[in-house]
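Below is one structure, written out as structure tokens; comments come after it.
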Amino acid sequence: METPLVRDVMIPVSEYVVIEEGGVLADAFMALEQHCREKGTGKPHRDVLVTRGGMVVAKLTMLDVFKSLEPKYEHVDPERYQGRTLTSDLVNRLIRDFGLWSDPTASLCVKAGSCKITDIMHVPEQSEYVEESDTVEHALHRYILGVHQPLLVRKEGKVTGVLRLGDVFDYLRTKITECAAG
């Protein structure tokens, strides 16, 4: 099996959902819906790239969205629970103690309409970028070490694509089954 490169597996920016940073969360959802209608896919991208002046500057992931819809997560210190088993009792205690998800679901529309993209977008750290010419193994190593998904792909300093863990898995699964089939 040849050594796969990130550019062989990534999704180009042109195929991704992109929004300008000046909008609100509801705008991101509408862009995702429009993308799904235009592409006719049953499984749309669930993350959004955020641009400023045409340049990708951030990403908005499902986790970012969920945290924005329940802002009380800001008071929960994830480091305190890292390495601990999240038993049902512990999760229930956290929900109760911090009042998580106590607002009715109906209030989500109001939150989505007022939640600014700039307040919830994730500006990637250097460890969340890979180069088009990097090997897939290099990118996989970053995932295993726990970077915020997905990875952004660059060429000559410009973001050119997105590398999702699921796409890496599918690529490797396909290659391995081809080898196994002979």
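Structure summary
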read-out: Output for the stretch 146-167, where each listed residue is in contact with a helix residue (DSSP H, G or I) (Cβ under 9 Å, 6 or more places away or on another chain), free of Cβ contacts under 8 Å to residues at least 40 places away in the same chain and in a helix (DSSP H, G or I); value: LEU165
read-out: Qualifying position, being in a loop (DSSP other than H, G, I, E, B), of a type in the set (Lys, Arg) and over 26 Å from THR135 (Cβ atoms), among ARG37, ARG93, ARG84; value: ARG84
read-out: Looking only at the stretch 118-140, and only at residues there that are within 14 Å of the chain's Cα centre (by Cα) and touching a residue at least 40 places away in the same chain (Cβ under 8 Å), the one that is farthest from SER14 (Cα to Cα); value: ILE120
read-out: Matching option when the condition is outside any loop (DSSP other than H, G, I, E, B), within 16 Å of the chain's Cα centre (by Cα), surrounded by 15 or more Cβ atoms within 10 Å (Cβ to Cβ) and of a type in the set (Phe, Trp, Tyr), among TYR73, TYR143; value: TYR143
read-out: Given (1) in contact with a helix residue (DSSP H, G or I) (Cβ under 9 Å, 6 or more places away or on another chain); (2) within 23 Å of LEU172 (Cα to Cα), number of the condition VAL17 does not satisfy; value: (2)
read-out: Residue that is nearest to ILE95 (Cα to Cα) [pool: residues in the stretch 45-84 that are hydroxyl-bearing (Ser, Thr, Tyr) and modelled with pLDDT under 85]; value: TYR73
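The values are calculated or read from the model by the stated rules, or taken from the named source; none is laboratory data. Just so it is clear, the structure is predicted and the values come from calculations on it, not from any experiment. Backbone-built Cβ (ideal geometry, glycine too); neighbour counts: all protein chains shown.
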